[in-house]
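Report on the following structure.
The values are calculated or read from the model by the stated rules, or taken from the named source; none is laboratory data. Predicted model, so just to flag it, every value in this text is computed and none were measured. Using ideal geometry, Cβ is built from the backbone for each residue, glycine included, and neighbour counts are taken over all protein chains shown.
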Amino acid sequence: MPESEHEIQSRIQIELSKHKCTVFRTNVGKMRTPDGRFFSTGLPSGFPDLSGFRWIDGKAFYIEVKNATGKPREDQIRFHHMLTSHGIIHGIARSVDDARMIVEGGLVGWGFEDYDESE
């Protein structure tokens, strides 16, 4: 059975933390409180699953975690475009190796190539 996105995400958090990075898991969206009200996380739609920074230089990074067959949603692609326009380290990671390559290599938009519109 293939690894779930949650399992991949947890392994990425642990591994990046071992390699001089601080990593935060982000929850995006709305949920219902026990009394029936909706609560919004406050993060914009499309915000990546993991965010953090490298200790070596303080550069921020964002990782969208997908399993082997997962595809980014339209709001995630829009967020990718915004990050790309500012040269921010980010990408789609389907494994720990992908995440390390993105963060350590300072890659911008890795994994989104197949989803970008031709300009």
Quiz prompt | Matching entry among PHE39, PHE24, PHE79 (being in contact with a Ser or Thr (Cβ under 9 Å, 6 or more places away or on another chain), at pLDDT 95 or above and not in a helix (DSSP H, G or I)) | solution = PHE24
Self-check item: Where a residue in the range 86-100 is part of a strand (DSSP E or B) and its partner, wherever it lies, is surrounded by 17 or more Cβ atoms within 10 Å (Cβ to Cβ) and of a type in the set (Lys, Arg), with Cβ under 7 Å and at least six apart
Solution: ILE92/LYS66
Quiz item: Hey, THR33 hits all of (1) of a type in the set (Ser, Thr, Tyr); (2) more than 19 Å from ASP114 (Cα to Cα); (3) surrounded by 11 or more Cβ atoms within 10 Å (Cβ to Cβ) but one; which does it fall short on?
Solution: (3)
Quiz prompt | Boolean, ARG25 is of a type in the set (Lys, Arg), surrounded by fewer than 17 Cβ atoms within 10 Å (Cβ to Cβ) and in contact with a Leu (Cβ under 7 Å, 6 or more places away or on another chain) | solution = yes
Practice problem: Those residues that are surrounded by fewer than 14 Cβ atoms within 10 Å (Cβ to Cβ) and modelled with pLDDT under 95, I need them from the range 44-69; list them, please. | Solution: PRO44, SER45, ALA68, THR69
Exercise. Name every residue in the range 1-11 that is out of contact with any strand residue (DSSP E or B) (no Cβ under 6 Å at 6 or more places or on another chain) and either free of Cβ contacts under 8 Å to residues at least 60 places away in the same chain or closer than 15 Å to PHE61 by Cα (or both), in order of residue number.
Key: MET1, HIS6, GLU7, SER10
Exercise. Please enumerate the residues belonging to the range 34-87 that are over 21 Å from SER4 (Cβ atoms), among the aliphatic types (A, V, I, L, M) and under 12 Å from the mean Cα position of the chain (by Cα).
Key: ALA60, ILE77, LEU83
Quiz item: For the range 88-119, how many residues are among the charged types (D, E, K, R), more than 13 Å from the chain's Cα centre (by Cα) and surrounded by 13 or more Cβ atoms within 10 Å (Cβ to Cβ)?
Solution: 1
